[in-house]
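Let me begin by presenting the structure, written as structure tokens, before commenting on it.
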Amino acid sequence: MAIPSHVQYLIIGAGIHGLSTAYHLAQQLKARGRGDGRDILVVDKGGIAAGASGIACGVVRNNYFQPAMRELMAHSVGVWETDPEGYSYHPVGYMQISPESMHEDVASIARQQKEIGYESTFIEGEKDSSDYMKTLFHDWQAKGITSVLHEKRGGYANNTKAIYALATKAEGEGVRILTGCTVTGFKSDSAGGAIKAVETDLGDIGCDQVVIGAGPWAKTVWDMLELPKTVSIKGADGVTHDNIPMWIYWSLQEGTLGVDPELQKTNDGKFPPVIHVDSNEPLYSDYDGSLLTDKMWGIYYKPDFHFGGIQGGAAPYAIQTDPDDVAVDPYGVDSPDFIVGEDFAHMWTSALAHCQKRFEGQFEFYKNEPSGGIGSFTPDSFPVFDVFRENCYLIADSNHGYKMLGVGKLVAEELCGDRSSLLEPFRYSRYAEGKLHPVSNSPFPWS
Ligand SMILES: Cc1cc2nc3c(=O)[nH]c(=O)nc-3n(C[C@H](O)[C@H](O)[C@H](O)COP(=O)(O)OP(=O)(O)OC[C@H]3O[C@@H](n4cnc5c(N)ncnc54)[C@H](O)[C@@H]3O)c2cc1C
């Protein structure tokens, strides 16, 4: 495709956010008689699903401790449900299985799910939790679990399939997707002013509105826009903390046990909800019985034919390297630095065996192939959805946003002039104003 000299809407990134925005914006423009998909160009330096969206586990859940996140996720789950087949979305549900230290947090999630009409069952107490899990899996054996939140909606989607489906939907609306085109900078008439053109390795493209869905490259684009490297955050104590890095990187730990996905069916022969277990119990090696950790740990897993086995992950770790020096490229499974190693495989397969007897002795089937990838995180690990430089809409989900299919729809509405109350709690100004989201006791940065 020859590059156009000017487009009305230029979207950077053909991942879940760029493509969802493109598709929904095309629909919005048409419905309002203000144009259509031909006014939109998506550019990507790689291809469709070349970033985090193409390697994500694909879990879609509501379970968040922060009320604003729960409301936003309930909206996104609704969007997944509009076309489960098209999006390769498996609405099997989701279970948060927790120790006593998280009991009260999860109880509050259950209460709020009731308030917003998001269907879930909440089980409390060690015996009742164990009994409930055994009605699903006869071999359930995790100890020290005192609550189970069973979300009846949510589940997971097959990562690349959903993104290709979104691309097809967007192109069906007339959107153009230009792959192999790298954005290298921005042009404006005044320092810090609105963007007039996007510089790419194929030439400049003039535009009226930019949308950025750059996933793990959010910091790279942020730097190109010459936005501040650090942020001041007003804490709960009312004190403002200066010089907090705007972006840091975390490495996500995921892998696949290469067994028949049918191994993980429920007692009644169905495919189960996505399982997420957090635990304070000592975790012993399923390989040699050694103590792997006596600190809090957490894992998630699901049977997944797309990955060819039982796929899942464990808590990520923060990358200590100066964010300016972290190599995001080559990305994902091509990265020499940020793919998971033997430690992850040992811990995760042992944790599977800790939870369900059927996984004991199965570690030898762990797929020894590159997996995992890094993500660009905001200072509080929650998304920033906001406009910068007057006409650049940044969708930065802090790397837990595959599930956030609906965000592109809401962004499209905002681009057409309708402010969204669901996106409001995620503005950049929350840092300076101290309007922060509550923090949970989960070992994961995104719960
Ligand atoms: C291993 C792993 C597992 C995950 N599992 C889950 C999960 O189960 N559930 C969940 O909700 N989230 C999950 N996530 C997070 C989720 O994948 C991301 O939050 C989400 O995919 C980000 O979508 P995006 O569209 O913003 O970015 P991406 O999908 O990364 O797309 C960004 C695109 O921008 C392009 N790009 C970047 N810079 C430029 C440039 N300069 N010029 C042109 N193009 C550019 C890239 O090539 C890329 O294709 C996971 C992430 C990882 C890494």
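The values are calculated or read from the model by the stated rules, or taken from the named source; none is laboratory data. Since this is a predicted model, take the numbers as computed values, not measurements. Virtual Cβ from ideal backbone geometry, glycine too; neighbours counted across all protein chains shown. Please note that ligands, DNA and RNA were not included when accessible areas were found on the heavy atoms of the full protein model with its side chains. Shrake-Rupley method; radii C 1.70, N 1.55, O 1.52, S 1.80 Å.
Among the residues of the stretch 346-361, are any in contact (Cβ under 8 Å) with a residue 40 or more places away in the chain and in contact with a Pro (Cβ under 9 Å, 6 or more places away or on another chain)?
No, every residue in the stretch 346-361 fails to be in contact (Cβ under 8 Å) with a residue 40 or more places away in the chain and in contact with a Pro (Cβ under 9 Å, 6 or more places away or on another chain).
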Taking Asp131 as meeting all but one of (1) free of Cβ contacts under 8 Å to residues at least 60 places away in the same chain; (2) under 17 Å from Met404 (Cα atoms), write down the number of the exception.
(2)
Answer yes if at least one residue in the stretch 129-143 is modelled with pLDDT of 95 or more, hydroxyl-bearing (Ser, Thr, Tyr) and touching a helix residue (DSSP H, G or I) at 6+ places or on another chain (Cβ under 6 Å), and no otherwise.
no
I'd like the residue in the stretch 58-73 that is open to solvent by 10 Å² or more (accessible area, probe 1.4 Å) and assigned to a loop (DSSP other than H, G, I, E, B) and, out of all such residues, is farthest from the ligand (Cβ to nearest atom).
Phe65
What number of residues in the stretch 397-420 are more than 18 Å from Phe444 (Cα to Cα) and either of a type in the set (A, V, I, L, M) or touching a residue at least 40 places away in the same chain (Cβ under 8 Å) (or both)?
11
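Search the stretch 2-15 for residues being assigned to a strand (DSSP E or B) and either at pLDDT below 95 or of a type in the set (A, V, I, L, M) (or both), and hand back the single one that is nearest to the ligand (Cβ to nearest atom).
Across the stretch 2-15, the extreme among qualifying residues is Ile12.
Tally up the residues in the stretch 237-275 that are over 30 Å from Tyr431 (Cα atoms) and out of contact with any helix residue (DSSP H, G or I) (no Cβ under 7 Å at 6 or more places or on another chain), please.
The qualifying residues number 14.
A quick yes/no check of all residues on (1) on the phi > 0 side of the Ramachandran plot; (2) in a strand (DSSP E or B); (3) at pLDDT 95 or above; (4) within 11 Å of the ligand (Cβ to nearest atom):
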site: His17; (1), (2), (3), (4): no, no, yes, yes
site: Ser20; (1), (2), (3), (4): no, no, yes, yes
site: Leu25; (1), (2), (3), (4): no, no, yes, no
site: Leu29; (1), (2), (3), (4): no, no, yes, no
site: Gly33; (1), (2), (3), (4): yes, no, yes, no
site: Gly47; (1), (2), (3), (4): no, no, yes, yes
site: Ala50; (1), (2), (3), (4): no, no, yes, yes
Only one of Glu262, Glu281, Glu254 is in a helix (DSSP H, G or I) and either open to solvent by 50 Å² or more (accessible area, probe 1.4 Å) or in contact (Cβ under 8 Å) with a residue 60 or more places away in the chain (or both); which?
Glu262
Kindly evaluate Ser371 against the criterion of being on the phi > 0 side of the Ramachandran plot and within 12 Å of the ligand (Cβ to nearest atom).
no
If Leu227 satisfies all but one of (1) among the aliphatic types (A, V, I, L, M); (2) open to solvent by 10 Å² or more (accessible area, probe 1.4 Å); (3) under 19 Å from the mean Cα position of the chain (by Cα), what's the number of the condition it fails?
(3)
Just to be sure before I move on: is Phe444 surrounded by fewer than 21 Cβ atoms within 10 Å (Cβ to Cβ), under 13 Å from the mean Cα position of the chain (by Cα) and within 13 Å of the ligand (Cβ to nearest atom) in the structure I sent?
yes
Give me the pairs, please: first residue somewhere in the stretch 12-37 and open to solvent by 30 Å² or more (accessible area, probe 1.4 Å), second residue anywhere and more than 16 Å from the ligand (Cβ to nearest atom) and basic (Lys, Arg), beta-carbon distance under 7 Å, and either six or more positions apart or on two chains.
Asp36/Lys30
Filter the stretch 350-377 for residues that are out of contact with any Asp or Glu (no Cβ under 7 Å at 6 or more places or on another chain), more than 30 Å from Gly51 (Cα to Cα) and open to solvent by less than 10 Å² (accessible area, probe 1.4 Å) and give the result.
Cys355, Phe359
Val79: crowded, with 24+ Cβ neighbours inside 10 Å, in a helix (DSSP H, G or I) and more than 9 Å from the ligand (Cβ to nearest atom), yes or no?
no
Those residues of the stretch 35-45 which are acidic (Asp, Glu) and more than 6 Å from the ligand (Cβ to nearest atom) amount to Asp36, Asp39
Select from the stretch 324-341 the residues that are among the hydrophobic types (A, V, I, L, M, F, W, C) and part of a loop (DSSP other than H, G, I, E, B) and write down the one among them that is surrounded by the fewest Cβ atoms within 10 Å (Cβ to Cβ).
Ala327
